Amino acid sequence: MGVMGNQSKQDLPPVGDGKASEVERHSETTAEPTLEGAFAADGVDLTLIRWMLERSPTERLRAAQELIDATWALRTGRET
Amino acid sequence: MKPDFLELFRALDGAGVEHVVVGGVAAILEGAPIATLDLDIVYQPDHDNLQRLVSLLDELEAHYRDPAGREIQPTLERLETNEVNLLDTNLGPLDAMQRIGANWSWDDVVERSHVVRVSGLEVRVLDLASIIESKLIANRDKDRAMLPVLRRTLEEQ
């Protein structure tokens, strides 16, 4: 073997820094959220697509891997 | 085993296996918000590359996901003969194929691919328009279900 390991979590950057800009914070206090333009006519969530497209391939893979890790933890009843 | 895509990328890269990532993981790398459990690749079919792939698969303790539950290991001959090899490895499911879509060979797939950097690795992936085309050609329920998200992602790119 020799290829196994779990280095991926250490090597992948975090998905977003969780900080809002000044403009974003201001908007949060003065505007109401809207669903207008959020969904395509066929029901596809465009906001989720844009969220993914704003990320690098590394971050996109990390998001997919985190989903698997969480699902696996639920299936096996263990923390990853 | 739990899929670990980055470790599979590292393993393929470390073994020098020429391949193109296709299917769900390729769609994710291209920006589509979908979920998948297996890594689909098309491998370069030259003898030397097949040998590198067989050695790696041995290292990863790969075996076919056999519906009858038999323990069948991938060999050079099987990888040469079978166009689709559904494998399980100690880094998760790996589907190794020679052709996809409209009978696209290695050269066709490479032509429709580009390189992205993933955690310091150069990973060659099928472009999103070709992923969509391959899903249209496959025309299975699961492929059709994914098409709206893939098409919208391509529009938003």
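Could I have the simple spin-label model distance between B:Ala129 and B:Ala35, label points 7 Å from Cα toward Cβ, reported in nm to one decimal?
It works out to 3.2 nm between the two label points.
If r is the Cβ-Cβ distance from B:Leu136 to A:Ala31 and R0 is 41 Å, what FRET efficiency results, to the nearest 0.05?
After rounding, the FRET efficiency stands at 0.55.
Can you sort B:His114, B:His47, B:His19, B:His63 by how many other beta carbons sit within 10 Å, fewest first?
The most exposed by this proxy come first: B:His47, B:His114, B:His63, B:His19.
Please give the FRET efficiency for B:Asp48 paired with B:Val84, using the beta carbon to beta carbon distance and R0 = 22 Å, rounded to the nearest 0.05.
0.50
Among B:Lys2, B:Lys142, B:Lys135, rank each residue by its count of other Cβ atoms within 10 Å, from fewest to most, as a rough exposure measure.
Placing the least packed residue first, the sequence is B:Lys142, B:Lys2, B:Lys135.
Rounded to the nearest 0.05, what FRET efficiency do A:Asp42 and A:Leu67 have when you use their Cβ-Cβ distance and R0 = 30 Å?
0.85
For the stretch B:9-157, just run the numbers: alpha carbon Rg, then divide by 2.2 N^0.38 Å, N being how many residues it has.
Scaled against compact globular proteins, the figure is 1.02.
A short reminder: the numbers here are calculations on the coordinates, not readings from a lab. All figures in this text were calculated on a predicted structure; none of them were measured in a lab. Positions of Cβ are backbone-derived with ideal geometry, glycine not excepted, and every protein chain shown enters the neighbour counts.
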